[in-house]
Amino acid sequence: MESVAKYINSNRQSYVEELKDFLRIPSISTLPEHKNDLNTAAEFVARKLNDAGMENVKVIETSGHPLVYCDWLNAPGKPTVLVYGHYDVQPVDPLNLWDSPPFEPVIKDNKIYARGATDDKGQMLMHIKSVEAFIKTKGSLPVNLKFIIEGEEEIGSENLDAFVNKNQSLLKCDCVLISDTALFAPGIPTLTYGLRGISYMEIELTGPNRDLHSGTFGGAVENPVNALAEMISKLKDSNGKIKIPGFYNDVIKLTTQERKNFKSLPFSEKKYAQMLGVKELKGEKGFTVLERIWARPTLDCNGIIGGFTGEGAKTVLPSKAKAKISMRLVPNQDPKKISKMFTAYIKKIAPKSVTVSIKDLHGAYPIATSLDDKPTLAASRALSKVFGKKTLFMREGGSIPIVVVFAKKLKAAPVLMGMGLNTENLHSPNEHFNLNHFHLGILSSAYFFDEYSK
Ligand code: BES
Ligand code: MN
Ligand code: MN
């Protein structure tokens, strides 16, 4: 391993330059006008994998954005690792809150600022560079390796889901290595063993058949924005419990042991509130912050659209109002069942004065994995070696839809070896990635391949 680590250490600066090139591609998956940028990003990933020495590199068209696949299967008798990551990024709005343009990476305080820096371009590139280090120094890898990189993670991974179902033998592997999560804190080696799922819904209320003068008609007809606000207020009670009937039926209760483990982590709710700029935290009664975000389901309104939102005042009684509502789910909740319950409840609480249309935008299953299978133990040893500290295990509030599909269809253990930080503004302005963690991540990837081959 010494020669591999030496190679990685001596190429530190060029890795950062390569990451900058990657970050200049505005691969926003949800915006149709960026379609070509997603193709460019897929080509970029394919080229890097090829340069690293991977074989059978392919850009695979889908009905959405392309997938990138490659393999290196020249280690007979050794296990096979599938590396997963995503080259798509979130939209950049509100653009005026960025200190520098989102697709012109800059480095400040050893952090690289750009959309996608931590989620997930920087983290994905780590594995390509660790592979390259092995092949350039030793001419081979200690394990068999496959990569599947997608461009639709931020929009629900539908095409990859279909691809995995159809290509189970192509993707056959013993574990799936993913860096798309966070460290518990800077410099703390962390493995994530649980992710929440999600059910993402959109509701639209229509009242009168056109926008009306709020003076001549106001008082005589339902205002859909008011009605929507009333309905949203009925989704949760004052203790933070979700009022949808049956919502908690399948929730697995936290064990005493797990609650104890969470409590033993160095976490200050006071500092957390300060960091977020709030006077008081708010959430489900009877649970700590870590329990609330890692192991309890939630319901949040992501956005409300309706009526006049321009500057100044316009007197109008709008015809329509819309809300985007997501629920984060925990084992063993099923997003399909949850969206049905949500739909039934919304229909029940909607006043007769409006018509409601409800859309199920996407869903993902939650997961909690075992802590003592071979790949997880190998990852834990690898991280401890690189960081010089004991590896910490945590759960995570975010979702990576495809992880459950890999676990179920490929029967492969996910290894969530994230190097991000939840303070790195993913999905928000001034996203960045700590370059120290970028470097440690390349080393950790290499040490993982080595430890897992033993
Ligand atoms: N990498 C994130 C998920 C994540 C964030 C995991 C923070 C751990 C810590 C991923 O790219 C993401 O944003 N997922 C979406 C999924 C959704 C669009 C289905 C999410 O969680 O909102
Ligand atoms: Mn991600
Ligand atoms: Mn994301």
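The values are calculated or read from the model by the stated rules, or taken from the named source; none is laboratory data. Note that this is a predicted model, so its numbers are computed, not measured. No Cβ is skipped: glycine too gets one built from the backbone with ideal geometry, and neighbour counts run over all protein chains shown. Note: areas computed on protein heavy atoms with side chains; ligands, DNA, RNA excluded. Shrake-Rupley method; radii C 1.70, N 1.55, O 1.52, S 1.80 Å.
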Has region 371-392 got any residue that is over 16 Å from residue 196 (Cβ atoms), away from ligand 2 (no atom under 13 Å from the Cβ), surrounded by fewer than 21 Cβ atoms within 10 Å (Cβ to Cβ) and among the aromatic types (Phe, Trp, Tyr)? yes
Inspect region 130-147 for any residue being of a type in the set (Asp, Glu), closer than 30 Å to residue 411 by Cα, in contact with a Lys or Arg (Cβ under 9 Å, 6 or more places away or on another chain) and at pLDDT 95 or above and give the result as yes or no. yes
Of these, 415, 404, which one is more than 30 Å from residue 207 (Cβ to Cβ) and part of a helix (DSSP H, G or I)? 404
State yes or no: is residue 199 in contact with a helix residue (DSSP H, G or I) (Cβ under 6 Å, 6 or more places away or on another chain) and under 18 Å from residue 120 (Cβ atoms)? no
Qualifying position, being at pLDDT 95 or above, open to solvent by 20 Å² or more (accessible area, probe 1.4 Å) and of a type outside the set (S, T, N, Q), among 396, 431: 396
Has region 436-452 got any residue that is under 21 Å from residue 19 (Cβ atoms), within 16 Å of ligand 3 (Cβ to nearest atom) and at pLDDT 95 or above? no
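Yes/no matrix, rows are residues, columns are (1) in a helix (DSSP H, G or I); (2) open to solvent by 80 Å² or more (accessible area, probe 1.4 Å); (3) under 22 Å from residue 66 (Cβ atoms); (4) aliphatic (A, V, I, L, M):
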site	(1), (2), (3), (4)
17	yes, yes, no, no
21	yes, no, yes, no
30	no, no, yes, no
37	yes, no, yes, no
43	yes, yes, yes, no
Cβ-Cβ under 6 Å pairs, at least 6 apart or on other chains, region 148-165 side part of a helix (DSSP H, G or I), far side open to solvent by 30 Å² or more (accessible area, probe 1.4 Å) and hydroxyl-bearing (Ser, Thr, Tyr): 155/30; 159/62
Note: among 55, 17, 43, just one is assigned by TED's automatic domain parsing to the domain that holds residue 154, of a type in the set (Asp, Glu), on the phi < 0 side of the Ramachandran plot and out of contact with any strand residue (DSSP E or B) (no Cβ under 8 Å at 6 or more places or on another chain), namely 17
Between residues in region 324-351 that are assigned to a loop (DSSP other than H, G, I, E, B) and residues that are surrounded by fewer than 20 Cβ atoms within 10 Å (Cβ to Cβ) and among the aromatic types (Phe, Trp, Tyr), which pairs lie under 9 Å by C-beta distance while being six or more apart or on different chains? 333/248
Being in contact with a Pro (Cβ under 8 Å, 6 or more places away or on another chain), of a type outside the set (Asp, Glu) and modelled with pLDDT of 95 or more: is that true of residue 390 here? yes
Name the residue, out of 402, 358, 338, 346, that is within 16 Å of ligand 3 (Cβ to nearest atom), farther than 30 Å from residue 266 by Cβ and β-branched (Val, Ile, Thr). 402
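Listed here are the residues, each with its yes/no results for (1) touching a Phe, Trp or Tyr at 6+ places or on another chain (Cβ under 8 Å); (2) open to solvent by less than 10 Å² (accessible area, probe 1.4 Å).
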{"site": "281", "(1), (2)": "yes, no"}
{"site": "291", "(1), (2)": "yes, yes"}
{"site": "294", "(1), (2)": "yes, no"}
{"site": "300", "(1), (2)": "no, no"}
{"site": "311", "(1), (2)": "no, no"}
{"site": "321", "(1), (2)": "no, yes"}
{"site": "329", "(1), (2)": "yes, yes"}
{"site": "360", "(1), (2)": "yes, no"}
Which one of these is small (Gly, Ala, Ser) and under 19 Å from residue 27 (Cα atoms): 130, 100? 100
Pairs under 6 Å by beta carbon, first residue over 16 Å from residue 54 (Cα atoms) in region 66-79, partner part of a loop (DSSP other than H, G, I, E, B), six or more apart or different chains? 78/143; 79/143; 79/174
Mind checking which residues of region 78-132 are of a type outside the set (Ser, Thr, Tyr), over 27 Å from residue 33 (Cβ atoms) and open to solvent by 10 Å² or more (accessible area, probe 1.4 Å)? 78, 79, 107, 108, 109, 110, 111, 132
Suppose the filter is at pLDDT 95 or above and either outside the structural domain of residue 73 (by TED's automatic domain parsing) or open to solvent by 10 Å² or more (accessible area, probe 1.4 Å) (or both); does residue 206 pass it? yes
